[in-house]
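In what follows, a structure is listed as structure tokens, so that the remarks can point back to it.
The values are calculated or read from the model by the stated rules, or taken from the named source; none is laboratory data. The model shown is predicted, which means the values in this text are computed figures rather than measured ones. Virtual Cβ from ideal backbone geometry, glycine too; neighbours counted across all protein chains shown.
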Amino acid sequence: MQSFPFYDKPLQIQFAKTDSDIIAKRKGTYVKRIKKPRPELGDKKKKKAAKDPFKVPEQIPQQPGLLPGVPPGAMVQSLVPNIFSTHQGIPPTMQQVPPNSQAHNHILFLSNLPKETKEQMLFETFRKFRGFKEVRLIPNRHDIAFVEYDNEQNADMAKENLDGFNLMPGCPLSISFAKK
């Protein structure tokens, strides 16, 4: 496992210098440790702690009739609730987000996978696209998986071409970008 690539970084494994408290208790060699007093905060840290992190910076004076944070001449209609909204199930102040506007990611999230799905099946399906890195099946979850590409453009290309693809008859793949 030493130097095994884990999230694009080599894995570094080292042995512990001492036994953990639980292992020492099992062995019968447990000795209660003395807590060391914490050092006092340095001058810089004292100043940082004294500074109010929630202090609002001074703003330029507002002209009468303008909303704070809205530039003069900007349309403010989206800030006012629309009482004549045709969308009854959604509060008027919430904006609808189209399903295509997900944040792009180089990792794809696959769902609606059949129980019989094997890693090799997904590997053969997704490796055809440029930049393919790996397929990860989730243990104890047969219906989801992740596919990683080297960049967002290659992942987007694979998503566009394979979303809705029938891995097995009657089981169309559902592909979206993984959350960052």
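Observations
- Taking region 112-136 as the range and being in contact with an Asp or Glu (Cβ under 6 Å, 6 or more places away or on another chain) and closer than 21 Å to Lys180 by Cβ as the test, the residues that pass are Gly131, Lys133, Glu134, Val135.
- Comparison of Asn151, Asn166 shows that the only residue that is polar (S, T, N, Q) and under 17 Å from Leu113 (Cα atoms) is Asn166.
- Lone unmet requirement of (1) among the charged types (D, E, K, R); (2) crowded, with 17+ Cβ neighbours inside 10 Å; (3) in contact with a Lys or Arg (Cβ under 7 Å, 6 or more places away or on another chain) for Lys159: (3)
- Region 125-148: number of residues that are touching a residue at least 40 places away in the same chain (Cβ under 8 Å) and not hydroxyl-bearing (Ser, Thr, Tyr): 2
- Among (1) in contact with a strand residue (DSSP E or B) (Cβ under 6 Å, 6 or more places away or on another chain); (2) modelled with pLDDT under 90, the one test that Ser85 misses: (1)
- Scan region 162-180 for residues that are under 23 Å from Tyr7 (Cβ atoms) and either loosely packed, with under 14 Cβ neighbours inside 10 Å or of a type in the set (Ser, Thr, Tyr) (or both) and the total you get is 3.
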